[in-house]
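Worksheet: one structure, shown below.
Only the coordinates and a few stated rules stand behind these numbers; no lab work does. For clarity, every value in this text was computed on a predicted model and none was experimentally measured. Ideal geometry is used to build each Cβ from the backbone, glycine not excepted, and the neighbour counts take in all protein chains shown.
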Amino acid sequence: MKTELFVCDRCGQRERLDRSKQHWCTRCAGKRETEMRPARERPFSIQPQPDARR
Ligand SMILES: [Zn+2]
């Protein structure tokens, strides 16, 4: 099984999970079901772009 870093859209929780499956954030569970997505699909949340400053 291949794992990948998943990130929650709402709370930003990060977990290394099986990339072939769909995952739901455990922290947001109960409030609202939130899907966790592979971190590399949204790299802007991992590290700010160095060319962002002007
Ligand atoms: Zn969450």
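In a reduced charge model with +1 at each Lys and Arg Cβ and -1 at each Asp and Glu Cβ, region 3-43 shows a dipole moment near 120 debye about its Cα centre.
Projected onto planes of every orientation and averaged, the convex hull of the alpha-carbon atoms in region 3-43 covers 2.6 nm². Between the listed residues Gln13, Trp24, Thr34, the Cα displaced farthest toward the positive end of the dipole of region 3-43, a dipole computed from Cβ unit charges relative to the Cα centre, is found at Gln13.
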